[in-house]
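What follows is a short report on a single structure.
The values are calculated or read from the model by the stated rules, or taken from the named source; none is laboratory data. Just so it is clear, the structure is predicted and the values come from calculations on it, not from any experiment. Because the Cβ atoms are built from the backbone with ideal geometry, glycine has one as well, and the counts that use them run over all protein chains shown. Surface areas here come from the heavy atoms of the whole protein model, side chains and all, with no ligands, DNA or RNA. Shrake-Rupley method; radii C 1.70, N 1.55, O 1.52, S 1.80 Å.
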Amino acid sequence: MTGPGRSPLHGDHHTDVVVLGAGLTGCLAAWELARRGRRPIVLEAASVGAGATAADLGHVATGPRLLYVEAIRRWGREAAREAWEVQRENHDRLRELLAALDDDCGYRADGGFLLAEDRTEGEALAESEDTLREDGFSGEFLDHYMLESRFGVQGFAAAYWCAEDAGLDPRRLVAALAAAAEREGARICEGSTVLALESSAAGVSAATERGRVEAGTAFVALEAAAAGLVPFLKGRVTPLPAHWIDVQRDDALPLPSPARTCGGEIAWRVLPGGLRVVRFGGGVTGRPADERLEDFTRRHFAPASPRPGPRGAAVAGKSGDGFPFVGAVPGLNGAVACGYGTFGLGWVALSVRWAVDGLVTGRDAVPARFRASRGAAP
Ligand SMILES: Cc1cc2nc3c(=O)[nH]c(=O)nc-3n(C[C@H](O)[C@H](O)[C@H](O)COP(=O)(O)OP(=O)(O)OC[C@H]3O[C@@H](n4cnc5c(N)ncnc54)[C@H](O)[C@@H]3O)c2cc1C
């Protein structure tokens, strides 16, 4: 995804904002900042979209990682409804971005699926469907029999089709965002790992091996790596390892796609090149994770015995409460947007808008649940 003129940073540079990371978050932030009159310099360790974004399945999901009934039990009904509403608003914002980019990035609003691996999860899905409908979110509950008669899966207790979910191509989106940011005057430096981020007379100083950017503020868009440069995030945003395998299958029946299991451990999507199945969590070594994935595909995507093809690993970033960290944090002249877990596309558009608004206007527009400074000593 290397673009023309994205050479590494050399020498000292001065600008109003330095953006760290050129994934979906950093490229969108650079575009929004540039459109609002700033001149961002983006420092990216590898190349545009090379981080978690490169492995993203492109499932634009509605709802955080909990089932609706579980969210209600934990937070109360009003707060649960609000969390789902935020993702709906984020989805609206994503559609606006695609229109502004004049590129649909493969967007398809065909819904998405949640799959129950046992009866308890199936009952929770059925209960969630009723409550979601009462609260204005549409979808359809599929029991075991309906599921297996329509789709080429076995061994799930039930499923829920979320009518509002969608799919897109994250690699196309990040490439389009980077190009749009550059058209508006942003400069993207690839091969530019930020080694230190410190307060300075100008505001903030970001040092790479061969250069330095002095800027008024920083926008930190490094997902799990953010904790390495922003001390406040240490222990708050932690790595979420993920492994994936590509699977060939010959079943005539379609798969529910894009989809994830209720617990959020496994997700999959039928992509143009075949079926990709991802496992989140489970340690950083590949072998046990691959075995769990192969076992899962054999159990649920038979009868045509699936043939595992290419495989790979990536790292996302997660927070303890499942909500991203957005906006100002103690000790940083600037803002962060990270800790999305498995739902970057479900949060990124609003998170970046809130954080950029804060940088540009000086007013904190981030709702309390998402505020990056939550948990800080008063
Ligand atoms: C396998 C997998 C599948 C996923 N599927 C989905 C999905 O279907 N739907 C969904 O909503 N979300 C999904 N996610 C989550 C989603 O991909 C992420 O939330 C999203 O891509 C995060 O984008 P980002 O720009 O914040 O982070 P990243 O894409 O990780 O970007 C951070 C960038 O920072 C760079 N960087 C790191 N350290 C430094 C440094 N010191 N200096 C400079 N640059 C640095 C990295 O190279 C990287 O390019 C998935 C994640 C994974 C791993």
*How much net charge surrounds G203 when only other residues with a Cβ under 11 Å from its Cβ are counted (Lys, Arg +1; Asp, Glu -1)?*
-3
*What residue among G167, G11, G264 shows peak mean-square fluctuation when the chain is described by a Gaussian network model with Cα springs under 10 Å?*
G11
*Helix-derived [θ] at 222 nm for the chain: sum -39500 (n - 2.57) over DSSP H runs of at least 4, divide by residue count, nearest 500?*
-10000 deg cm²/dmol
*Starting from the alpha-carbon convex hull of the chain, give the projected area averaged over all orientations, in nm².*
18.3
*Using only the alpha carbons of segment 205-294, determine the length spanned along each of the three principal axes and report them from longest to shortest in whole angstroms.*
58, 26, 25
*Contour excess over end-to-end distance, with Cα ends at A196 and R77 and 0.36 nm allotted per residue*: 38.5 nm
*Report, in whole Å, the centroid distance computed from the Cα atoms of segment 324-378 and segment 1-42.*
19
*Within the chain, which DSSP H helices have Cα atoms that stretch 18 Å or more along the helix axis and a mean Kyte-Doolittle hydropathy of at least 1.0?*
344-361
*Nearest-20 debye value, segment 12-143 charge dipole, Cβ charges on Lys, Arg, Asp, Glu*: 640
_Quick check on the chain: of the DSSP beta bridges with both residues there, what percent are antiparallel, nearest 5%?_
70
*GNM flexibility winner over the chain from R353, R311, R260 (Cα, springs under 10 Å)*: R311
_Alpha carbon centroid spacing (whole Å) that separates segment 110-188 from segment 226-296_ = 15
*Over the chain, give the accessible area per residue in Å² for a 1.4 Å probe, as an integer.*
40
*asked:* Give me the extension gain from S138 to L271: residue separation times 0.36 nm, minus the current Cα-Cα distance, reported in nm with one decimal.
replied: 45.4 nm
_Total charge dipole magnitude, the chain, about the Cα centre, Cβ charges on Lys, Arg, Asp, Glu only, Debye to nearest 20_ = 960
